[in-house]
Amino acid sequence: MYLAHINRPAETGTFYAALEKAYKEATENPEAKPQTRRTYGPRFEQVKSYLIKNNLLHMAAHEWNAERFKHFCSWMAGNGYCNETTRKTQNLIYKAIQPLFYQENIQPPAKVKLKRKTPPLVYLSADELQLLINHKFASDKLARVRDLFLVQCFSGVSYADLPKLRKANLKQIEGVKVIQGIRQKCGTVFTVPLLAELDEILNRYRWELPVLSNAKYNAYLKEVAVIAGIDKPLRSHDGRRTCAMYYLNMTGSMEVCAAILGHTDTRQTAKTYARYFPEHLIRAIKNAQFFGKVG
């Protein structure tokens, strides 16, 4: 029964037809980023599964209303999806029905407002970073994983952009060596200062980093953390966050930090990647003359 539903063409005027049209427009757009195409697939499948399980494949597009949004969100929660996933999938649904409602001069139904959870910012302290640098791993494999993570800590690049740390991208700007590249996710430019620690690792691997699959990398990182005595469940993005934290607190500039990470909006940097250390704030207060003498 399920396979029959999958292979059946969408009927004109149905919500499923509108959903399929919105999905194809988003994924077949030649200007769409690869990341965009990949993320729309699971969202489309989630809604299709909901329609099949609730016998709604023939439902008219205009029958999708605010109550249907609520029912869909409840179904997503019951199937273990987090609020962020459900929020993004709601956006695809809205993209599908919005043009149809506007054609009839009708306001589209409101999406369900879901609370966004701000995850804790995981990064390595100076002591933890030194612990990781100094540890002698018995396994060459884990030593390579450690080195990849340190490269992220010293460069701020994402996992996807690690292969772009090549000698061909090495430049000198006003006497400072930097690595510049285009981010795979959003097409913005990142500019990475070639720190001595980063230079040492890249030279050791002859500027050809031993990148492995993201899934294996994240799995081995947790082993690396345990063996090195770091009580944090490390993931690849935590290296990027570690770099962001230190650049922000060294420069005091969210704009500089955002430029190194390849962000166009400092709000993204502030929300997900970097916060000021308490020590930085105390120093800033002590240096602010209008506060008078502090401490």
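This table checks each residue for (1) buried (at least 18 other Cβ atoms within 10 Å of the Cβ); (2) part of a loop (DSSP other than H, G, I, E, B); (3) more than 21 Å from the chain's Cα centre (by Cα).
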| position | (1), (2), (3) |
| --- | --- |
| H58 | no, yes, yes |
| R68 | yes, no, yes |
| H71 | no, no, yes |
| A77 | no, no, yes |
| G80 | no, yes, no |
| L92 | yes, no, no |
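Step by step: first the residues of the stretch 218-248, then only those that are outside any loop (DSSP other than H, G, I, E, B) and among the small types (G, A, S), then the one that is nearest to G175 (Cα to Cα). Which residue is that?
The qualifying residue nearest to G175 (Cα to Cα) is A244.
Just to be sure before I move on: is V192 over 30 Å from T85 (Cβ atoms) and either of a type in the set (A, V, I, L, M) or assigned to a helix (DSSP H, G or I) (or both) in the structure I sent?
Yes.
Quick one: would you say N134 is in the same structural domain as K185 (by TED's automatic domain parsing) and surrounded by fewer than 15 Cβ atoms within 10 Å (Cβ to Cβ)?
So N134 passes the test.
Restricting attention to the stretch 154-182, which residues are touching a strand residue (DSSP E or B) at 6+ places or on another chain (Cβ under 7 Å), surrounded by fewer than 18 Cβ atoms within 10 Å (Cβ to Cβ) and under 21 Å from S213 (Cα atoms)?
I182, the sole residue that qualifies.
The conditions are (1) over 13 Å from V157 (Cα atoms); (2) free of Cβ contacts under 8 Å to residues at least 60 places away in the same chain, and Y220 fails exactly one of them. Which is it?
The failed condition is (2).
Filter the stretch 187-198 down to the residues that are closer than 21 Å to T242 by Cα and exposed (fewer than 13 other Cβ atoms within 10 Å of the Cβ) and list them by number.
Within the stretch 187-198, V189, A196 qualify.
In this structure, is R166 over 18 Å from T188 (Cα atoms) and assigned by TED's automatic domain parsing to the domain that holds H263?
Answer is no for this residue.
Restricting to the stretch 199-217, name every residue that is part of a helix (DSSP H, G or I), of a type outside the set (A, V, I, L, M) and surrounded by fewer than 17 Cβ atoms within 10 Å (Cβ to Cβ).
Listed by number, the residues that qualify are D199, E200, N203, R204, N214, K216.
So, of the residues in the stretch 99-128 that are in contact (Cβ under 8 Å) with a residue 60 or more places away in the chain and in contact with a helix residue (DSSP H, G or I) (Cβ under 7 Å, 6 or more places away or on another chain), which turns out to be surrounded by the fewest Cβ atoms within 10 Å (Cβ to Cβ)?
The qualifying residue surrounded by the fewest Cβ atoms within 10 Å (Cβ to Cβ) is V122.
The values are calculated or read from the model by the stated rules, or taken from the named source; none is laboratory data. Only a predicted model underlies this, so the values are computations on that prediction, with no experimental measurement involved. As a convention, Cβ positions derive from the backbone with ideal geometry for all residues, glycine included, and neighbour counts pool all protein chains shown.
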